[in-house]
There are 2 protein chains.
Amino acid sequence: MKKLTKNQQRTADFISRYIKEHLYSPTYKEIAEHFKVNVNAIQQTVAALVKKGALERNERIARGLRVKQVPNAELLHGSVKMITIPLYGNVAAGEPVFADNNIEGYITVDKPRRLSGEMFAVTVRGDSMTDKKIIERDKLIIRKQSTANDGEIVVALLDDEVTVKIFKKNNGKPYLQPANNKYDPIRRPFKILGIVVGLTRDYTEV
Amino acid sequence: MKKLTKNQQRTADFISRYIKEHLYSPTYKEIAEHFKVNVNAIQQTVAALVKKGALERNERIARGLRVKQVPNAELLHGSVKMITIPLYGNVAAGEPVFADNNIEGYITVDKPRRLSGEMFAVTVRGDSMTDKKIIERDKLIIRKQSTANDGEIVVALLDDEVTVKIFKKNNGKPYLQPANNKYDPIRRPFKILGIVVGLTRDYTEV
DNA sequence: ATAATTACTGTATATTTATACATTGTAATT
DNA sequence: AATTACAATGTATAAATATACAGTAATTAT
């Protein structure tokens, strides 16, 4: 991105701070009043900022400015790239998995690239996926889907229990493969709930 | 909070989804058009939602609605629990590590509990930490600090290079321990830049 | 049963907001 | 020396937006 002039930088900073505080963009007039200049001075500065890629402008939309690049490394919460999804807890046997009362909390993550669809998260229990570098208490970001390709890591419903395994189907009957040789492949019937698209780990947890 | 009626719920949901998508609130007219009703029907529903505490309305501010309680477990971006931090890229030898032009991007993560201080992120290169289940391309969330306890995973500056290792100091001279037995402990001088407090992994990356 | 809340229609209006046009001056490039 | 990007001013205007008033009807609570 082209470097911003001092004036452009302070304008972008003000807009950024304003949005952070109000959760909606300032109007041209408000920005102008803040800097005690004419509205059109701001219009031109904003136009320059849009051109340089620092701001996004929604034409003819009131209060439609938004920050693209973070001017002074400020926050950009609420970015389109973020997504908030439910974290499902331990699912009791027999209960529907996606019941609202199974929601343990919500986590917000960077939306994985090139992916859409409904997403959710589960907490890993046990050590059956350690060879894939997935450990107890890791939170997995899952995209809901009922099929998977060979070798993909899936969340599956198995005997009324939710489990994370590697999905295998090399020409034969599909099965679930743990990533830890102290566990055997699982060949009982199961249902795929989704595939793993992301992972978060918190080293400050107990 | 008082329970929402069905109509109020679906209105709140629409507003929530709209804001999530556009990052600015819809106008009364837009909401009305979506549900194919009169503007004033929406005005009253919104007024009820404000009264019940589900929405916040900024009087006479265009597109000034915002979601307070998350109606159907929808988004809560911009939460105080989130933090946006710079992601530092490959640091060329000799260059200062935290120079702005080393910033590769920004990531937003749940703020680790009980932790404050300045934070940043780095991308993992190589396989020296695989025994700790940290692999290439994982992004580590680091809290800046210059000391560490025995056994903590640290980011350290070593010969003008940034590296991730286990910090060791059992009574003797501190050293850096890789978590992969194909690498030897490092006993050259180093400087701790921070300790690992979190990790994110994206399975959809190339 | 009666009042209050909810959900709606239609029309109108004041205010807010973005945007257009005409002009000036300065600093940075070419 | 000429051109372009930048930073302003002032005046207008169109479009977007919130809001006010008057009234109907169904549902829910007292």
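The values are calculated or read from the model by the stated rules, or taken from the named source; none is laboratory data. This is a predicted model, so every value here is computed, not measured. Virtual Cβ from ideal backbone geometry, glycine too; neighbours counted across all protein chains shown. The protein model used for the area step is the full one, side chains on, heavy atoms only, and it has no ligands, DNA or RNA in it. Shrake-Rupley method; radii C 1.70, N 1.55, O 1.52, S 1.80 Å.
Annotations for the structure displayed:
- Of all residues in region B:153-206, those satisfying the criterion of being surrounded by fewer than 16 Cβ atoms within 10 Å (Cβ to Cβ) and within 14 Å of another protein chain (Cβ to nearest Cβ) are B:ASN180, B:THR204, B:GLU205, B:VAL206.
- A count restricted to region B:19-37 and to residues that are more than 8 Å from DNA strand D (Cβ to nearest atom) and not acidic (Asp, Glu) stands at 11.
- Region A:1-51: number of residues that are in contact with a strand residue (DSSP E or B) (Cβ under 7 Å, 6 or more places away or on another chain), outside any loop (DSSP other than H, G, I, E, B) and in contact (Cβ under 8 Å) with a residue 24 or more places away in the chain: 6
- Considering region A:1-18, and only residues there that are more than 11 Å from DNA strand D (Cβ to nearest atom) and more than 17 Å from A:GLN43 (Cβ to Cβ), the residue that is surrounded by the fewest Cβ atoms within 10 Å (Cβ to Cβ) turns out to be A:MET1.
- Breaking point among (1) modelled with pLDDT of 70 or more; (2) out of contact with any helix residue (DSSP H, G or I) (no Cβ under 6 Å at 6 or more places or on another chain), for A:GLN69: (1)
- Region B:14-57: number of residues that are within 14 Å of another protein chain (Cβ to nearest Cβ) and of a type outside the set (A, V, I, L, M): 15
- Residue count for region B:51-70, restricted to those that are open to solvent by less than 40 Å² (accessible area, probe 1.4 Å), within 8 Å of DNA strand D (Cβ to nearest atom) and at positive phi: 1.
- A:ALA92 being modelled with pLDDT of 80 or more, of a type in the set (A, V, I, L, M, F, W, C) and assigned to a loop (DSSP other than H, G, I, E, B): no
- Test: residue in region A:30-48 that is hydroxyl-bearing (Ser, Thr, Tyr) and at pLDDT below 85: no
- Residue check for B:THR147: under 21 Å from A:ARG201 (Cβ atoms) and open to solvent by 20 Å² or more (accessible area, probe 1.4 Å): no
- Subset of region B:30-59 [more than 9 Å from DNA strand C (Cβ to nearest atom) and basic (Lys, Arg)]: B:ARG57
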